[in-house]
Amino acid sequence: MIKRLKSCLILLFVITKSYAQTIETTSPLPDALKTIDGITIDKVSDWEKKRRPEILTLFEDNIYGQMPKKFDKISYKTTNEVANAMNGKANLKEVDIKVEKDKKTVTIHLILFIPVKATKNSPVFLLINNRGKENTDPTRKVKSEFWPAEMAIDSGYAIAAFHISDAAPDNKDTYQNSVLQLYPEQLNADNGMKAIGAWAWAASRVMDYFKTNKDIDFNKVSLVGHSRGGKAALWAGAQDKRFAMIFASCSGNTGAALARRKVGESIKAINTTFPHWFNNNYKRFNDNADALPVDQHLLISLIAPRPVYTTSATEDIWADPVGSYMSISEAQKVYSLYGKKSGLSPNPPAVNTPIIQSILGYHNREGIHNMTAYDWGNFIRFAGFHYK
Ligand code: GCU
């Protein structure tokens, strides 16, 4: 009996695994280049004036919620500065970014290292940190591959991070206790902002700050996020065209992975475990991903013509590596409108074979759900290719 059960389980595992490798969807993907009214888009101007705003609104209304942009005041206070930190390689600056609206205040704390050797303003990587704060230790006593600051500095980049809890605690009962205090009307709207929207909002406030810092090359800000942070990074990149490049590591469901697949996390699973991430309307698709008016290739398309790099890990089937690749290969249509050719084939590349010299980059790293020095090494190569 036990033996039979065991072989059944193995069979199920093999079937799931082999389905996971196929490039199938459960229904045809919404066409990036056809408007809701059925008009075919074949020029950048029509994409930007008609189809892009239409898709952005569909994502706001059905998934991530609105992105309120108004506030009364933003101010920046340096709370700590260390010259020649990191054994003399970088200057550290910690800044409180304070945003005020209707007498309510939100403070986003930023940690920023700038290379000492820089002869002009530096390109920067900004991490949306969804893990423990020790991963972005400003003292560098703790060094984590999740934010390998030394590696970025040695490659000539500034590196920065803020923690998601400053924008919205990652908890279904307390997520309202920060950015959403400024926008309480969002809480009652079915298409209102939730935690992932608030994290993306905070990334944009860091952009506001970068604009004022002459050590930073404002035109070369790369936004990085892992997993739930990767979902937020893609949404921020779609919303805010000031980000030059987006890196989404293992972002999975409602990140880079297509919803119209039977692999890994479902909309129902994500909405059940994390009801505070996406808006109320998204719950209507719990049992019907095929009815969504968008899919995640359109989220990548909204970032066009700016470069996007996504990653997967071989053991992270929950985040659907193949579906995550399919969405970037599907997004090529929109990049092509801009004359940006990437030549991605429909099938994903072999494991540990990064696609770097392309407007849309990707790798599937051997191993588990994580963001590692291997991933960052490829981010730096990809950024270097585009900034050269
Ligand atoms: C869970 C969740 C994912 C998410 C991940 C993470 O696994 O289901 O959607 O990406 O956590 O943020 O690490």
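Computed over segment 329-388, the Cα gyration tensor eigenvalues convert (square root of 5λ each) into semi-axes of 22, 15, 8 Å, ordered from largest to smallest. Based on DSSP H segments of at least four residues, each scored -39500 (n - 2.57), the chain has a per-residue ellipticity at 222 nm of -9000 deg cm²/dmol. Both the radius of gyration and Dmax for segment 131-229 are 15.4, 47 Å, in that order, over alpha-carbon atoms. Give me the angle, in degrees from 0 to 90, between the Cα long axis of helix 321-337 and the longest principal axis of the Cα atoms of the chain, rounded to the nearest 10. For 321-337 against the chain, the angle is about 70 degrees. The length gained on full extension between Asp72 and Asp102, counted as 0.36 nm times the residue separation minus their Cα-Cα distance, comes to 10.1 nm. Distance distribution P(r), segment 108-150, all Cα-Cα pairs, bin width 10 angstrom from 0: 24, 54, 21, 1 percent. Taking Phe71, Phe125, Phe247 as the candidate residues, the one with maximal mean-square fluctuation in a Gaussian network model of the chain, Cα springs under 10 Å, is Phe71.
The H on the amide N of Asp320, modeled in the peptide plane, is under 5 Å from the matching H of Glu265, each at least 5 residues off or on a different chain. Binning the C-alpha pair distances of segment 60-156 at 5 Å intervals from 0 yields a P(r) profile of 2, 11, 18, 19, 17, 13, 10, 7, 2, 0 %, listed from the shortest bin outward.
Specify the angular offset, from 0 to 90 degrees and rounded to the nearest 10, of the alpha carbon long axis of helix 373-387 from the longest principal axis of the alpha carbons in the chain. For 373-387 against the chain, the angle is about 80 degrees. Mean-square fluctuation check for the chain, GNM, Cα pairs under 10 Å: which of Ser324, Ser358, Ser249 is largest? So, out of Ser324, Ser358, Ser249, the one fluctuating most is Ser358. Of Lys231, Lys50, Lys93, the residue with the largest accessible area leads and the full order is Lys50, Lys93, Lys231 (1.4 Å probe).
Among the listed pairs Lys214/Lys340; Lys34/Lys268; Lys77/Lys103; Lys117/Lys211; Lys50/Lys268; Lys49/Lys70, which are separated by more than 25 Å between their Cα atoms?
Too far apart for the 25 Å limit: Lys214/Lys340; Lys34/Lys268; Lys50/Lys268.
When the label point is put 7 Å from the Cα of Gln21 along its Cα-to-beta-carbon vector, which residues of segment 354-376 have a backbone N closer than 18 Å? Output list for this probe position: 364-367. The 3J(HN,Hα) values that the Karplus relation (6.51, -1.76, 1.60; θ = phi - 60°) gives for segment 98-111 are, in residue order, 10, 10, 10, 7, 6, 6, 9, 10, 10, 10, 9, 8, 10, 10 Hz. Gly and Pro appear as x. Close amide H contacts of Ile41 (hydrogens built in the peptide plane, cut-off under 5 Å, sequence separation of 5 or more or a different chain): Lys34, Thr35.
What's the magnitude of the charge dipole for segment 47-98 around its Cα centre, counting Lys and Arg as +1 and Asp and Glu as -1 at the beta-carbon? Answer in Debye, nearest 20.
The dipole of segment 47-98 has a size of about 200 debye.
Largest GNM mean-square fluctuation across Ile356, Ile303, Ile39, computed for the chain with C-alpha springs under 10 Å, falls on Ile39. The accessible area of Asp375, taken with all protein chains in place and a 1.4 Å probe, comes to roughly 0 Å².
Take the Cβ atoms of Asp37 and Arg140, set R0 to 51 Å, and the FRET efficiency comes out at 0.40.
Sorted largest first, the spans of the alpha carbon positions of the chain along the three principal axes are 63, 50, 43 Å. Put a dot 7 Å past the Cα of Ala189, heading toward its Cβ, do the same for Arg4, and the two dots end up 5.7 nm apart. Lys133 exposes around 120 Å² of accessible area when a 1.4 Å probe is run over every protein chain in place. Principal-axis analysis of the Cα atoms of the chain puts helix 195-210 at an angle of about 40° to the longest axis. Evaluated with a Cβ-only charge set (Lys, Arg +1; Asp, Glu -1), the chain carries a dipole of roughly 420 debye about its Cα centre, given to the nearest 20. With 0.36 nm allotted per residue and the present C-alpha distance subtracted, the Lys120-Phe218 stretch has 34.1 nm of extension available.
FRET efficiency for the pair Asn84 and Thr273, taken as 1/(1 + (r/R0)^6) with r the Cβ-Cβ distance and R0 = 51 Å, rounds to 0.70.
Would you kindly find the accessible area of Ser155, with a 1.4 Å probe and non-protein molecules such as ligands, DNA and RNA excluded, rounding to the nearest 10 Å²? Rounded to the nearest 10, the figure is 60 Å². Heavy-atom accessible surface of segment 30-387, averaged per residue, reaches 38 Å², computed with a 1.4 Å probe.
Projected onto its three principal axes, the C-alpha set of segment 195-251 covers 32, 19, 15 Å, listed from the longest axis down. Set Lys and Arg Cβ to +1 and Asp and Glu Cβ to -1, take the dipole of the chain about its Cα centre, and tell me which of Leu234, Gln21, Leu112 lies farthest positive. It is Leu112, whose Cα lies furthest towards the positive end. The calculated Kirkwood hydrodynamic radius for segment 235-358 is 15.0 Å, given to one decimal from all distinct C-alpha pairs. For segment 202-288, the dipole from Cβ point charges (+1 on Lys and Arg, -1 on Asp and Glu) about the Cα centre works out to 260 debye, to the nearest 20.
The values are calculated or read from the model by the stated rules, or taken from the named source; none is laboratory data. Here the structure is a predicted model, which is why all the values come from computation and not from measurement. Counting neighbours? That spans all protein chains shown, and the Cβs are built from the backbone with ideal geometry, glycine included. Just the protein is used for accessible areas: all its heavy atoms, side chains included, with ligands, DNA and RNA removed. Shrake-Rupley method; radii C 1.70, N 1.55, O 1.52, S 1.80 Å.
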